[in-house]
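A short worksheet on the structure shown next.
No value in this document is a laboratory result; all are computed from the given coordinates. All values derive from a computational prediction rather than experimental measurement. Every residue, glycine as well, gets a Cβ built from its backbone with ideal geometry; the counts of neighbours run over all protein chains shown.
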Amino acid sequence: MKLRTYTLRYLIVALLAVIALWASLFYMVILDEVYDNIDDGLKNSKILITREAYANESILETREFGINQFKVEPLPKGPLYDFSDKFMSGFEYMEYDDDNEPFRYLETVFNDAHGNPYKLTIRASIVEEDELLEDLMTALIALYFMLVISIALLNHIILRKVWKSFYILLYRLKNFKLGSGVKFKAPDSPVTEFKNLGKELEQVLQRNETVFTSQKQFIENASHELQTPLAISLNKLELILENNNLNEEQATEISKISDTLNRLVRLNKSLLMLSRIENKQFEEEEDINYNTLVSEITEEFKDFADYKEVNLTTINAAQLHFTMNKGLATTLLNNLLKNAITHTKAGGSVEIIIDKNRLTFLNNGDTPLDKDRIFDRFFRSTLNEQSTGLGLAIVQSIASVYNLTAEYEFNQKHIFRIIFP
Amino acid sequence: MKILIIEDETNLRDTITQSLEKEKYIVETAHDYISGMDKIGGYDYDCILVDIMLPNGSGLSLVKELKDMKRRDAVIIISAKDAVDDKVKGLDLGADDYLAKPFHLAELHARIKSAVRRKSHNGNNAIEWSNIKILPEQREVFINENSITLNRKEYDVLYYFMINPNRLINKTALAESVWGDYTDQADNLDFVYSQIKNLRKKLKDNGADADIQSVYGIGYKMT
């Protein structure tokens, strides 16, 4: 869920509660104030009426609420009356509305000029509570929606503005690739938290980059450093072999040591190759015509394929061009073809199909290989002592440098496929 | 023939020296940039082997120096750095060849001979051994002055033996030199054997006196 929707969801619920609470309080306060006001008016009327009763006794004859909003009833003389004001509410039929309307009454007792007690009732029409409540409700609902809309709008604008640098940061982080050589740069932000986040990220990634680089450098340096001692050992053995004073057994043993060292040399060279590819040291690029290159390379492998009695065919279904380093393109094809020929039994066949954006190597085989691990370093499907276990890892590595897809599939045959973008 | 080796690694320098002296070369050595400069300034050589990473300076500067002096010495760079740009730079500066460490001594001999021969241009650049003659420029092979036809790889194998006659050639060295990257698997050594078998047959059928013989199953020697 987006941050905007997430915050808005909580705000809408919270606002509803706040407004409801506030509405009930407001309603009670308003109602209280209305009654208070009406009661004050009734008290004032009482003073005016009793004063008038002294001057004009005819109003003492008002027995019913008519045009006047009061009535006077004589009380028998004698008992002690309560002269205090009593307020009450009630309903009365109103012609205008054709309905019972709420009224407020003031009931009190007073003596006229001659000391006769009278009961005075004054009434005042008051607002209908439910109507007030209804109006209030409508107003509040309108207010609520207005608030929600304006908050959503403000939320949208503010969040977009405030989080802008955050989204830029996110975008840059998504596009950041360790070891690509491009430094991660956090965007400038007016928000301190985001600025700090950016700074921390920059530092963490910088540290990672340093570790990554030094590790890659280490493999490369180690491989380099191994070359000289290997050269010395191999050359010394070669010298010994050339001195014709060895018997067969000694010569064979030395030759075996020499072969083992050669294996180490190949392993070392493959490791160096891998780290060079990953360190992007093959910068020069040119347009490679794969049809031509494949035919050159199959020519080179012809002797080997003939010797292994493997039938080698190429199907040029389309012209395949791609811009990359020529050495790497050659290595890619070499490793795939060598792999295919080596693992095909005598009498089998290797087929290369060149499509517009696809290169497929098919070779005979009985059992499928581990699809997920076939391109891993040092993964060997067979117990081949001479294999470095890096050939297909190099293929994978070259593929990923150029955003190609290297995949394996088994469908009666082993199928290795390179898909070009 | 006089050869100068400029290499800081004592052990490697000694091994190369030993191997070259066996071939009756006159070998001089230098262990760093300054002593290398001294030797170059003092004498002419038929071939100079120079390492790139040297104490006090780069081997590439030495190569450049030689070019500036318009010297005709053949120059082969030997380096632990098998980097393409170093190779290109070295060859651009006037080096005749580039050999990445580790290398086989037989390969080094072959490279030295090729470089010296290309540099000399004395008209007679044929390589002869027994009654076999090779014209490397034309890639032609003669036995008793009769031209014979070899396929590309057979020619490469024969060339390697002709340039290293009477020397034990390790199977791996031969495979790497002739088939390069295309062979490095176990059964390839038998593959080399089958290729040599074909070549031997052709040589024999055409009346060559020299023969390529297997030595203890570790390599071959042309005698």
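Tell me, what is the FRET efficiency for A:Ala139 and A:Asp85 to the nearest 0.05, using R0 = 25 angstrom and their Cβ-Cβ distance as r? After rounding to 0.05, the efficiency reads 0.15.
Rounded to the nearest 20 debye, the dipole magnitude of region B:2-120 is 520 debye, with +1 charges on Lys and Arg beta carbons, -1 on Asp and Glu beta carbons, and the Cα centre as origin. Its Cα centre serving as origin, chain B has a Cβ charge dipole (Lys and Arg +1, Asp and Glu -1) of approximately 660 debye.
About its Cα centre, the dipole of the protein assembly as shown is roughly 3360 debye, where the only charges are +1 on Lys and Arg Cβ and -1 on Asp and Glu Cβ.
Computed with the Debye formula from one identical point scatterer per Cα of region A:286-419, without solvent, the log10 of I(q)/I(0) at q = 0.16 Å⁻¹ comes to -0.79.
Across region A:405-413, coupling constants 3J(HN,Hα) worked out from phi with the 6.51/-1.76/1.60 Karplus curve, θ = phi - 60°, read 10, 10, 9, 10, 8, 10, 9, 6, 10 Hz, and Gly and Pro carry x.
What residues from region A:279-319 fall in the zone where the backbone N is under 20 Å from a label point 7 Å along the Cα-to-C-beta line of A:Ala222? From region A:279-319, the list is A:279-281.
Each of A:Phe378, A:Ala318, A:Ser349 was scored by the projection of its Cα onto the charge dipole of region A:286-419, and the greatest displacement toward the positive side belongs to A:Phe378; charges sit on the C-beta of Lys, Arg, Asp and Glu. Please check chain B for the longest run free of trypsin sites (Lys or Arg not before Pro) that are loop-located per DSSP (anything but H, G, I, E, B) and have at most 10 other Cβ atoms within 10 Å. My reading of the result: B:71-223 is the longest stretch. If you average the C-alpha positions of region A:90-154 and of region B:97-163 separately, how far apart do those two centres end up, in angstrom? The two parts, judged by their Cα centres, are 122 Å apart.
Computed from the Cβ-Cβ distance with R0 of 35 Å, the FRET efficiency linking A:Glu202 to A:Ala152 stands at 0.55. Each residue of region A:324-329 was assigned a 3J(HN,Hα) from its phi angle through the Karplus expression (A = 6.51, B = -1.76, C = 1.60, θ = phi - 60°), giving 7, 6, 5, x, 5, 4 Hz with x at Gly and Pro. Within the same chain, lysines fewer than 8 places from B:Lys197 are excluded, and of the rest, those with a Cα less than 18 Å from its Cα are A:Lys302, A:Lys308, B:Lys153, B:Lys171, B:Lys221. Cα extents for region A:204-271 along the principal axes, largest to smallest and rounded to whole angstrom: 62, 15, 12.
Projecting the Cα positions of B:Leu66, B:Val88, B:Ala115 onto the charge dipole of region B:2-120 (unit charges on Cβ atoms of Lys, Arg, Asp and Glu, taken about the Cα centre) puts B:Ala115 furthest along the positive direction. Here the protein assembly as shown has an Rg and Dmax of 50.9, 172 Å, counting Cα atoms alone.
In this simple spin-label model, placing a label point 7 Å from the Cα along the Cα-to-Cβ direction at both A:Ser180 and B:Arg139 gives a separation of 4.5 nm. The label point for A:Thr210 and the one for A:Ile30, both projected 7 Å from the Cα toward the Cβ, are 6.7 nm apart. Estimate the FRET efficiency between A:Asn68 and A:Glu131 by the formula 1/(1 + (r/R0)^6), using the beta-carbon distance for r and 25 Å for R0, to the nearest 0.05. Efficiency, from the Cβ-Cβ distance: 0.45. The translational diffusion coefficient of region A:1-131, from Stokes-Einstein at 25 °C and 0.890 mPa s with a Kirkwood hydrodynamic radius over alpha carbon pairs, comes to 136 µm²/s.
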